[in-house]
Each structure stands twice: as structure tokens, then as C-alpha cells.
Amino acid sequence: MLSELRTSRLSPHKYYELYMRAFDELRKLEMFFREETTRGNCSVVDLYELVQHAGNVLPRLYLLCTVGSVYIKSKEAPAKDVLKDLVEMSRGIQHPLRGLFLRSYLSQISRDKLPDIGSEYEGDADSVNDAIEFVLQNFIEMNKLWVRMQHQGPQRDKEKREKERSELRDLVGKNLHVLSQIEGVDLEMYKETVLPRILEQVVNCKDELAQFYLMDCIIQVFPDEYHLQTLETLLSAFPQLQPGVDIKTVLSQLMDRLSNYAASSPEVLPEFLQVEAFAKFSSAIGKVIEAQPDMPAVSAITLYVSLLTFTLRVHPDRLDYVDQVLGACVKKLSGKEKLQDSRATKQIVALLSAPLEKYSNIVTALELSNYPKVMDHLDNSTTKVMAVVIIQSIMKNTTCVSTSDKVEALFELIKGLIKDMDGTQDDDVDEEDFKEEQNSVARLIHMLYNEDQEEMLKIICTVQKHILRGGPKRLPFTVPSLVFLALKLVRRLQGQDGDVVGEDVPTTPKKIFQILNQTIEALYLVPCPELSLRLYLQCAEAANDCDLEPVAYEFFTQAFILYEEEIADSKAQVTAIHLIIGTLQRMNIFGVENRDTLTHKATGYSAKLLKKPDQCRAVYACSHLFWVEDQDGVKDGERVLLCLKRALRIANAAQQMANAARGSSGSISLFIEILNKYLYFFEKGNPQITSSAIQGLIELITTEMQGENATSDPSAEAFFSSTMRYIQFQKQKGGSMGEKYETIKAS
Amino acid sequence: MNYLMGAFKPPCNITITFSDGKTRKQVSVKKENGKTAMVPVFQSLETISGEVSIDPVQGKKVEHTGVKIELLGQIELYFDRGNFYDFTSLVRELDVPGDIYEKKTYPFEFSSVEMPYESYNGTNVRLRYILRVTISRNYVSNITEHRDFCVRNYSPVPTMNNSIKMEVGIEDCLHIEFEYSKSKYHLKDVIIGKIYFLLVRIKIKNMELEIRRRESTGSGPNTYVETETLAKFELMDGAPVRGESIPIRLFLSPYELTPTYRNINNKFSVKYYLNLVLVDEEDRRYFKQQEISMYRLLDTPASS
């Protein structure tokens, strides 16, 4: 059976199966040996010698280990001597696979027999040392064998071999596990003996697979406290590892563990400070990167990410550490092109997001001087993603960014969103994504706030400066936000008008309006006339509230110019003219002249709309311009009537046109609408609107409705009948209104 | 029938017994016919004594011209089989000429016999000690009977026993250094040593230690050398790398070894060698042979 183990034809996996069978048999053999010796049939010493007569080395050593186990149990010789002998003799197997299994067997049978502290096999004073020595030696030899495996056999099977090797790694790692379970390994011992020895072996084996696995093992197997205290030693090994070793994973693991450790028990934090964990990690990473010039950027950055995470968790109060990490990262990246590697950029995003998540306050991040520098190394699209992340973070935490400096910094960070990056014109940007991004920028603008108006103004200036660089595609999204932000400030100023006196107050609504004007102008050049028009009107209204007539007039002028020059679409014109009329109606600061000019314009434009119904509607809307329900509002009844009559004319014309074109009269709803306007002004007490006029109109409508070529229009009919009901209702209500209505004869 | 047989059978039975035959240590010895037999062990300068009893077959008488017992030390070379060379020959007369009618016993004693050589049973040579009783008769052939015994001589622990240490190699291919703790071993000894690999450029499959016996017989042009591998002991499995040291621990007790014999009576020598063999993956063998000298240490319980 044991001789079968000498085969070299089996793959490690199959060999393992064979080994397990042999192992079972050896267990039985061991029992047998033990029985024999306790019965006194032969002494263990003789047995120990006897098995060494076997001619083949592998079976011999398996037997030797088996008897050795019995020997230790019998306590006829000190465990340490037997173990030492066994581990020495095992050198006879230099074949990697067989050697590994043999030593694994040795490790397995000796596990419970180590002369550890408190163990029944404990010998004299230094026996723990012997135990450690034994395990270490076995470990070192196994590792050597394991490393050597890669050189066995032809070159072409290398990959397969490496795979097989990693299947065997647990055999090696088990030793470290055993080591960690030896009671006698205290911190002192670990620091002085165990760790240096292991590391020496790890470094010297010069094998990537092994180094990676073993470092990982060390980190996993031994307690955190030990790591903390031996950080320097442990870390000093990293720069010496092979270039291909995935240091980042290992180091990250270590840092993760330690930061978890720190998090789990706050009382150990002083220890971290005492051993200067951060400084050590930082310098170790520096050295690793230095030692491996070929290391891909992604790994380096990953390292920094882990370090950053560690810092954030262990020293959340040390912002300078964070900055330091970022600075180091910048240094690493400097002198290189923008990163093309997607994984690397991903890592940078992680790197940059970490502080955001931790501090949940962008302001903190803005204090990190290296933060934007790191961002500079991202490619455009990633910069955008990052910017979105930043904005989202702000949104989530409803952070207020409250100084212009910070705003400046912030916009510097998110400049990927704010403007097109030089040179590259990404046409393939998904429209929806783009909107999403710009919307978030717009939202961000609303988050800017400072109590101090002066500072606020500065903020606005800064924002303006940035967003004006955004180019035609972005402005429609961002400008409105800015405008409303500014208007908000205006309203605030206006609210405390009384307190602000004196010439030297820098923040005046006027100034803001100047800024606004510029801003909207930019938008108007985009061109985006409808939007700018609305904004102009908004501004005009605000200016109105601030009693700044010239400003308001200017805005209106701009709006009209826009209307004239840019708004060509008839539908848009309709909307625009209604907007203008609506706003104008609310304006109360204009002098008669200005007002006349504006109202005249508005009426004129209304009449020039393309479609008759639109014309009609615009014109009757204009009538409101002459009747403002304020105390000192304009109440020019004549002009109102004029407008309404004109509207009627147009409605008539529209009807005729419809008749001519289609042979059927158009809808009479226009008439009904005008009737409603009549009723409105009638109620408001416009002397020019007489009940007879209304009466006439009603009759006209009735006739029209009963006309031959009238098409039945249920909605119009319903509209009319409800209007009539209203008249009826007002009549019945009595009072002054009732009296007024009395004259109207509702048929 | 009985009568007929009687004509060819010796007319008497001769038995030789040693005086301390019951208590004396015995060893097994391979006889010519392939069977093993237990024979008593003596060493040089011991007194060999005992009795010879002659028991005539029922109803017969043995006429003789004298009865003698000889102690012979003989060397037999197999290329010259049947021709014994006696290097020791001692004679005791047991009886004067006469007739023997019934069983008669004669005591004998050879005191402090010098037996410088050990019994040996090799491939080409045999060295043996016998006691031979001869009943001399007229007209008919003498009646003889012999009894083997074994001689083993013990040596003291040698005062000088240096280790064997040597560095060997093939240039740019293999350099090893090996060390055996001693150059002289007793028969139940353990060979302890180690092999240190200084340079390995060949793919070694395994390494063995062989114990070889070289028996040379004859002299001059008629020298026959026979080499026999008594033990093959695998030391290492697999290919070592530079700097590896492989331990050796070989117990000699399981092997049938004899002490080293140098030029025994100018007839033969037996020498022992340790042969370190490295086998590479193409089954080429690289070896280095070292002579070791064997000696017999008196068995005391402490010496094992």
C-alpha cells in the first residue's frame, strides 16, 4: 500500500485520494503498534528501529512517522527528540508531491503531540521552542517542495501545474494554522521568532503563488493584535515580494482586518496610534510601489483605496492623512497619460468616493487639496460619473456648500459635467444620461446657500463663471437653476430692504440683475429662445417686485426682441405671447409710457398670430392688460372693450374662414369664451361692457348654434349651457350682482 | 534386505558432541546441500572439548587400526572444488588398534586452539572448521565422520575511527559532498551521515546507498573477483535542489555481513564498500564507492 504512494503518475488530486486511503490504513497500523507495545510484545524503540530497515525511503518514512507517533505517546523519549528526528529524516523525500504529502502526514500525526505549553508532552523549559521549531521547519521544507513543484515536468503544462499547485496549498498553509494554535506562541515569541522566520521563508522562496498565499495565510491565521504589534516587520516583507504577487489583495486584507479590529473594539485605538499604523502602511505602500515599477496603475490605486479605507475607519479625525493618501496617489499617477484602464478608473472612483461616504459632507472633501488632482487623471466619462457621485452625495446629505471658495473647488471637481473637455467631443453620449447629469448639476446649484448675502453673491458669480463655460448643450439645463438661485437672493434682499442702506453695500438687486442679464444672454445665444424668454419674464417680474423699473423694462425689451427675432414657430409664439401678456399684466411699476409701449406691442403681436383662433384668444387675453384688479391698477374700460370687440371680429372671421374652407361653420367656442370675458369684465364693473352687448352676444351664439350648417359640438354646447347657468345663478343670488344681471335676458 | 544394506552402510554410527553443546551459542550455517543447520560457535584460543561415541551396528564388530580426531581449518576455493587447503590441523589419537563390539565413548579436548580466521561462506570461497573422526581400517576404507563448527572472532572497538568525508562531482553538472560518520563499523552498527548537494543540474530521480561485498579469491593471474550487492537502501526520492542536505541512517543489522577479511591465508579477501548511487530520470547511474571496514563487536546488550 505504502509503496503505491511512490508513484509519480498520479495527479495531485488522485494522489490525494490515494493518500487518504493510505492514511486510514496507517491509522489502523498505529493502533496495532500501540497495542503491541502496551502488551509488551516488543518495545517501541525496537519498533522504531525496525521500520527503518525498509529499503524504500517513502514507505520507510511513513512507517517511521507512524511509529514515531506511538513513540511519543509512550513517553519513552521526549517528544521533541522524536519530532526533530522525524522532520530531519523527512528530508529524504525531495519529490515535491510525495514530500508534501509525507510532511503533511507528519504534521497531522504530530499535531496533538507537540510539546506545547500545557500539553502532556511538554518537556523541560524550552520545549515550546522545540515545538515551534518543529512546525516551522516542517513548514519551510514543505514550502520549498511546494515552490519547487512548478519546475517539474515540461514547460507547456505549466498552467495546469500551477492549478494543481494551488490545490495543494492548503497542505502548506495548515502548518501556519498549527503554529497559530500553539499556546506557547505569545506576542514576544511571535515577534522574535515565528514571524521573522516565516517571512524569511516567504521572501526567499521567490514564488508568486506561494508568496501570495502565504502572506494571506499569515494575515488570516494570526490574531490582529499580533499584526498590529509587528506591523513593521510584516510590512517590510512586502516590498521584497515578487513583482507578480498580488500585493494589493493581501495588503487590503490586512488593512481590512485591522480596521475591523479597530472598529470592533475602540479601546485598541491607542495602540494603533502608538504603533503609528498609518505611517507604516503608508510608507510600506510607497516602498512596494517603488520596488515594483511595472505594477499596473490599477494595483497601485487599489492599494491606496485600501489605505484610505483603513485611514477613514481608524483615524476618521485625521483629514490630513486622507489628503496624504490622495497626494501619494497623485504622485504615482503624475507624469502619465489619463488612465485608459477601466479597472483603474473604477478604483479611482472608489478612492474618491470613500471620503465622501465617510464624511457625508462634501465640504470635507473640498478641503483635500489633492482631491481634484486625483480627478485630473480620470478620463472624461469617468470624471462625469465621479461628479455625479459627488453631487449625489451632496443631495443625499443635503449638504450646504456655503462659501464661494468651496463652490469654486466644487465646480472644479465637477467640471466634467460643467463643460466639454478639451479636444474630445463625445458625440456618443446618451441623450438621457446627459440630461440626467445636467439635471443633477441644476439640482446642485440649488444646494448652494449662504446666509450672508455678500458671500452668496460671490457664490452666484462663481457659479455663473463656471456654467457659462458649459457650451450650448448645457446651458438650457443649468441657467434656469442659476437664475432662480439668484432670484431667490433677490427676494431675500427685497425682504429686508429697509435695513440695507448706504451706497457701499455691494449686494444690490441691481447687481444681481446685471449678472442675470448676462447669464440669460448667454442662453439666448445658444439659442434657446423660449427658455430665455421665460427667464427674462421671471426676471422682469422680480425686478418689478424690487421697484426697478428700468431693469424690468430692459428685461421686457429683451423678451420682445426674442419674440420677434427668434420665436418663429407659431405654437411657440402663442405660448410666448400668453406668457408675456400674463407677466405684463402683473407688472405694476411701469410708468404710463412704458406700459403703453409694452401693452401696445403685446396687443400688436397678439393680432399678428398666424391662426385666427389663436389671434382671437391672444387678443381677448390682452384685454386684461388694460384692467388690473389692483387699487391703483389701470382700468381702461374702453380699451378692454376694444380688445374684446376685436376678438369678436376675429372670431367671426375665423368662423367665416372655416365656412369657406370646409363648408361648415367652425366651433363657436371662441364666441362663448369671449362671452365669458364679457361677463368677467361686466362683473368687475367695467362701464363699457353693457348688458346689452352681452345680450347680443348670447343671441349671436344661440343663433349660431341653431344655424343650419352648425356642427354639433357637445363640449361647446356644454360650455355655453354652463355659462348660461352661471348667469342664471348670479341672477338668483340677488344683491348688487343680481341686479346687474337682471338686465341680461337669458333665453 | 537388512543384510544387503549392511554391506554398504558403515558398520557403526559415530557421533561427536561438544561438552558444552547445550549451552553454547549456535548460529545457522548454510550447508553444501542448501540446507541450513545450527552449529556451535567458538572463538580463537578457546578450548574445544567433547566426546566421540562409536556405536557399532547391532551384532557387528568394528575392527580398526586406530581411532583419531582431527580439528581442521580448511579453505575451499570453488574453482578448485573438493580440494581443501588446511591451514590448521590438530590431531588427537583416541584409541589404539583393536575391535569395537559395543558402544564406546572417547572424550577429547583441544585446548586453546588458535583459530585466526573466521568461518566464511562466500560465493567463490569457503572457510570452515571441522572436527573429523577417522576410524582407520585395513583392507577397507576408513570410516570418517565430521562435525562443523563456526568460528567468530571479536575485535575491540577501534581507537581510530575517522569519518569519511568527500566531495565529488561532475563538472558543471553535479557536485555533492557526502559524509559517513565512521569508516569502521561493527556488524550491528548504524551508518549515519548526510549528503549535501552543492550543485544539481541533472534531474535526479532517486538516490540509494548500496552495501557491496567484494570477494577476491586466488592470487596473481588466477584472481577472481566477485562483487555482490547486499543491500539497497533508498535514501532520497525525487530531485533535490542546491543546498539540500539529505540525512542517512542505515541500520546494518538486517543484512548478513561479515567482518572485513584481508588476505586470508593468501587465498582470499572480503571487503565491504558503501556505494552511493544517484539515478537520473533517464536511468543513468552516477555512483561513488567508498570502502568501509567491518568488524565484529562482542555482543553485549549495551552495544546495540
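The values are calculated or read from the model by the stated rules, or taken from the named source; none is laboratory data. Worth saying up front: this structure is predicted, and the values here are computed from it rather than measured. Cβ: placed from backbone, ideal geometry, glycine included. Neighbour counts: every protein chain shown. When the accessible area is computed, the model is the full protein with side chains, heavy atoms only, and any ligands, DNA or RNA have been set aside. Shrake-Rupley method; radii C 1.70, N 1.55, O 1.52, S 1.80 Å.
When the range B:242-264 is limited to residues that are farther than 30 Å from residue A:96 by Cβ and among the polar types (S, T, N, Q), the one that is farthest from the other protein chains (Cβ to nearest Cβ) turns out to be B:263.
Comparison of A:647, A:654, A:602, A:607 shows that the only residue that is of a type in the set (A, V, I, L, M), more than 26 Å from residue A:696 (Cβ to Cβ) and touching a residue at least 12 places away in the same chain (Cβ under 8 Å) is A:602. The residue that is surrounded by the most Cβ atoms within 10 Å (Cβ to Cβ), counting only those in the range A:81-115 that are among the acidic types (Asp, Glu) and over 60 Å from the mean Cα position of the chain (by Cα), is A:85. Right, residue B:269: more than 9 Å from chain A (Cβ to nearest Cβ), of a type in the set (Gly, Ala, Ser) and open to solvent by less than 60 Å² (accessible area, probe 1.4 Å) or not? When the stated conditions are applied, residue B:269 passes them.
On the basis of being at pLDDT 90 or above, buried (at least 16 other Cβ atoms within 10 Å of the Cβ) and outside any strand (DSSP E or B), does residue B:259 make the cut?
Values: at pLDDT 90 or above: yes; buried (at least 16 other Cβ atoms within 10 Å of the Cβ): yes; outside any strand (DSSP E or B): yes.
So residue B:259 passes the test.
Please give the strands (runs of 3 or more DSSP E) falling wholly within the range B:115-213 in which 1 or more residues are more than 24 Å from residue B:253 (Cβ to Cβ). Show your work before the answer.
On the way: elements: B:125-136, B:143-151, B:164-170, B:174-180, B:184-186, B:190-200.
The qualifying strands (runs of 3 or more DSSP E) are B:125-136, B:143-151, B:164-170, B:174-180, B:190-200.
Of all the listed residues (A:104, A:74, A:110, A:69), the sole one being away from chain B (no Cβ under 14 Å), in contact (Cβ under 8 Å) with a residue 60 or more places away in the chain and among the hydroxyl-bearing types (Ser, Thr, Tyr) is A:104. Scanning the range A:576-593 for residues that are in contact (Cβ under 8 Å) with a residue 12 or more places away in the chain, in a helix (DSSP H, G or I) and open to solvent by 40 Å² or more (accessible area, probe 1.4 Å) yields A:578, A:579, A:585, A:586.
Let's see how each residue does on (1) outside any loop (DSSP other than H, G, I, E, B); (2) touching a helix residue (DSSP H, G or I) at 6+ places or on another chain (Cβ under 9 Å); (3) surrounded by fewer than 18 Cβ atoms within 10 Å (Cβ to Cβ):
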| site | (1), (2), (3) |
| --- | --- |
| A:178 | yes, yes, no |
| A:184 | no, yes, no |
| A:195 | yes, yes, no |
| A:198 | yes, yes, no |
| A:211 | yes, yes, no |
| A:219 | yes, yes, no |
| A:237 | yes, yes, no |
| A:243 | no, yes, yes |
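One residue stands out in the range A:267-284 among those that are aliphatic (A, V, I, L, M) and modelled with pLDDT of 75 or more: the one that is least open to solvent (accessible area, probe 1.4 Å), namely A:284.
Matching residues to (1) more than 14 Å from every other protein chain (Cβ to nearest Cβ); (2) open to solvent by less than 70 Å² (accessible area, probe 1.4 Å); (3) at pLDDT 85 or above:
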residue: A:38; (1), (2), (3): yes, no, no
residue: A:47; (1), (2), (3): no, yes, no
residue: A:54; (1), (2), (3): no, yes, no
residue: A:79; (1), (2), (3): yes, yes, no
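Contact map, the range A:710-731: first residue modelled with pLDDT under 75, second residue open to solvent by 40 Å² or more (accessible area, probe 1.4 Å) and part of a helix (DSSP H, G or I), Cβ cut-off under 7 Å, separation 6 or more or different chains; pairs are A:710/A:704. Only residues that are free of Cβ contacts under 8 Å to residues at least 40 places away in the same chain and open to solvent by 30 Å² or more (accessible area, probe 1.4 Å) were counted in the range A:300-324, giving 2.
Restricting attention to the range A:600-620, the residues that are assigned to a helix (DSSP H, G or I) and surrounded by fewer than 22 Cβ atoms within 10 Å (Cβ to Cβ) total 8.
Within the set B:231, B:239, the sole residue that is facing another protein chain (nearest Cβ under 9 Å), part of a strand (DSSP E or B) and surrounded by 13 or more Cβ atoms within 10 Å (Cβ to Cβ) turns out to be B:231.
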